[in-house]
Amino acid sequence: MTIKTIKIASDFSRFPSGRSEAIGPFSGERFRRDFLEPALKSNDKVIVELDGVLGYNSSFLEETFGGLIRHAGYSAQQLREKLEVKTIHLSLYSEIWKYIDEMDYTAREGLS
Amino acid sequence: MVHPAVISVPRNLDIFMSHEEVSRCLFQIPALVNVNTSIILDFEKVRFVSPVGALPLAAAIQAARGSGKCEVTGTYPSDRSVERILSEAGFFSLLGVSERMPPRKRAVGSWIRHLTGDTAQGEVVELLKDQVFGDSQTEGDAISDIYAGVTEAINNAVEHAYIEKGGYAISSDFVRSRWWVNGLIDRSRRSFTFVVCDLGIGIPRTVRAKMESSGLSHWATYVNDPSRKDSDLLLEALAMGGSRTELPWRGKGLRQVREVVDKLGGRLRIASNFAGCSYSRGSFSVQDFSTPVTGTVVEWTVPLDAVVPRQVSK
């Protein structure tokens, strides 16, 4: 079983922000496309370590994690099996899984 | 040769306290730039300066200078304490006027000079933090909360504020997607104020533009109702948490702007187009302006003790 760990603060940026690459260099779109999707594709499990950054905004988090369903075709169930998010902040953890579940529902109901 | 025009800066440089006077002053700047007239800002009468007045003025000055069409300079105020504040807020260096007062080592108020950019840059929150607290330890969760709110306001400026051509009278590359940030630590009131502004089309006009292009007839009907004021649309956007695009996963940004004061306490105020809105302790109050604000100004005032441990901020 292959496991890949991505530390956002050291592997990507201490200042993640924004949804699309068009508005900034450390966007959710770029992190998902260049880091998270390749890691999920080539490993059995991916651990994303969230701590160590200055903060997160909802645009970044939704585009990164909700975007896995929207753009990469994963289901929430598949992500629960393959993806682990690590943080000391329970609210951050809950927010990410909320975006995943909301997008999963949206995709299943054909609302997107 | 055209003589420069003199604009008198209002006595209270605060967009909420003296809205009409400040907005009229701000409006004159792009109007003069468009006719290639240089400007002298007369600070003689100014007696009070707040971050929420200083930042839109700094933005208008930089936009005017960035247009390359004119010069902008200014006079010293007659009130020495105001001169010190303008100096600390960075106005004289912005206007190319020499600073006559040395910076104070320890002051009741510490200004964060305006910072600007045109992409979603989270680094600005670290710069803001460093300017105020230096190497002191701030409360980690508080900075995360501020980061979420400030960066969402910046993202809104970059992504949505300039969607309509000609949104600002000075249509230069310098202004497009641009945001500004400043702030003030007030140790006597034990508060931390920070402001984000842009010179875009404003939240109410953004909501209208997005709804008209969304194809959602019920929203188009809502926003095009002539009885619907800018304050209704601003409140709608802020209370509901977003710009109501047709995409269900969008529109979470304004909720995070609001959550800063839900988590840290204090007050949020937004001025945009013909509307002002204040939010504190879960309650909103709105204001209708007769002179519009160019773009959007977002101001948070939070208790200093929620951001930095008391012994550090003494």
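Taken together, the values in this text are just the output of simple stated rules run on the coordinates, not laboratory data. Keep in mind it's a predicted model, so treat the numbers as computed, not measured. Virtual Cβ from ideal backbone geometry, glycine too; neighbours counted across all protein chains shown.
Using only C-alpha atoms and all pairs of different ones, pull out the Kirkwood radius for chain A in Å with one decimal.
13.9 Å
Return the loop-located GluC sites (Glu not before Pro) in region B:62-114 (DSSP other than H, G, I, E, B) with at most 16 other Cβ atoms within 10 Å of their own Cβ; answer none if there are none.
Answer by residue number: B:E71, B:E99.
Which residues' amide hydrogens lie under 5 Å from the amide hydrogen of B:A120, considering only partners 5 or more residues apart or on another chain, with H built in the peptide plane?
A:G24
Using modelled backbone amide H atoms (1.01 Å from N, in-plane), which distant-in-sequence or interchain residues come within less than 5 Å of B:A275's amide H?
Here the answer is B:F289, B:V293, since their amide H atoms fall under 5 Å of that of B:A275.
Let me have the relative contact order for region B:43-116, percent, based on Cα pairs under 8 Å that are six or more residues apart.
Over region B:43-116, the number comes to 34 percent.
Could you compute the FRET efficiency for B:R104 and A:A22, with r as their C-beta to C-beta distance and R0 at 51 Å, rounded to 0.05?
0.75
Other chains near A:10-17: what is the mean number of their Cβ atoms within 10 Å of each residue's Cβ?
4
Over all residues in A:24-33, what is the mean tally of Cβ atoms on other chains that come within 10 Å of each residue's Cβ?
2
Step through the table entries B:K210/B:K263; A:K4/A:K86; A:K4/A:K45; A:K7/A:K45, compare each Cα-Cα distance with 18 Å, and write down the pairs that go over it.
Exceeds cut-off: B:K210/B:K263.
Under 15 Å from the 7 Å Cα→Cβ point of A:T2, by amide nitrogen: which residues of region A:27-54?
Residues A:35-47 fall inside that zone.
Please express the Cα-Cα pair-distance distribution P(r) of region B:8-99 as a list of whole percents, one per 10 Å bin, running from 0 to the bin with the greatest distance.
Calculated P(r), rounded to whole percents: 18, 55, 26, 1.
Using only alpha carbon positions, build the gyration tensor of the protein assembly as shown, then give the equivalent ellipsoid semi-axes as the square roots of 5 times its eigenvalues, largest first, whole angstrom.
38, 26, 19
Averaged over its residues, how many other protein chain Cβ atoms are within 10 Å of peptide B:29-42's Cβ atoms?
Across the residues of B:29-42, the mean count of other-chain Cβ atoms within 10 Å is 0.
What distance in nm separates the simple spin-label points at A:S94 and B:S188, each placed 7 Å from Cα in the Cβ direction?
4.1 nm
For B:T73 and B:V2, calculate 0.36 nm times their separation in residues minus their Cα-Cα distance, and state this gained length in nm to one decimal.
24.0 nm
Kindly provide the trypsin sites (Lys or Arg not before Pro) of region B:54-162 that DSSP labels as loop, not H, G, I, E or B, and whose Cβ sees at most 11 other Cβ atoms within 10 Å.
Sites meeting the loop and neighbour criteria: B:R100, B:K105, B:R106.
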